[in-house]
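These notes are about the structure you will find just below.
Nothing in this text is a laboratory measurement; each read-out follows from the coordinates by a stated rule. Nothing here was measured: the structure is a model prediction, and the numbers come from that model. Positions of Cβ are backbone-derived with ideal geometry, glycine not excepted, and every protein chain shown enters the neighbour counts.
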Amino acid sequence: MDQDQPAHADQQLIRWLRAEMARSTGKRYQIKLELLDSTSLRDLQRLLRDLDHEKQMAVRNARLFPWR
């Protein structure tokens, strides 16, 4: 396998990351995700999921406790 090309699993993860960033922000970013290693890609995925969870919790709390 060419060292410049990420593995198939990493390519799938990169596609997911790009789609998730576009979905959550409505913007496209010119981040060269192909340059990150597998561990960094998974950490970035975890970060995006954690941020989405935090957003959902904030919305839920604002609905349940609007006076706070």
Worksheet item: Has the stretch 35-44 got at least one residue that is part of a loop (DSSP other than H, G, I, E, B) and either surrounded by 11 or more Cβ atoms within 10 Å (Cβ to Cβ) or at positive phi (or both)?
Response: yes
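Okay, residues lined up against (1) loosely packed, with under 12 Cβ neighbours inside 10 Å; (2) outside any loop (DSSP other than H, G, I, E, B); (3) not aromatic (Phe, Trp, Tyr):
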{"position": "Gln11", "(1), (2), (3)": "no, yes, yes"}
{"position": "Ala19", "(1), (2), (3)": "yes, yes, yes"}
{"position": "Arg23", "(1), (2), (3)": "yes, yes, yes"}
{"position": "Tyr29", "(1), (2), (3)": "yes, no, no"}
{"position": "Arg46", "(1), (2), (3)": "yes, yes, yes"}
{"position": "Asp50", "(1), (2), (3)": "yes, yes, yes"}
{"position": "Gln56", "(1), (2), (3)": "yes, yes, yes"}
{"position": "Arg63", "(1), (2), (3)": "yes, yes, yes"}
{"position": "Arg68", "(1), (2), (3)": "yes, no, yes"}
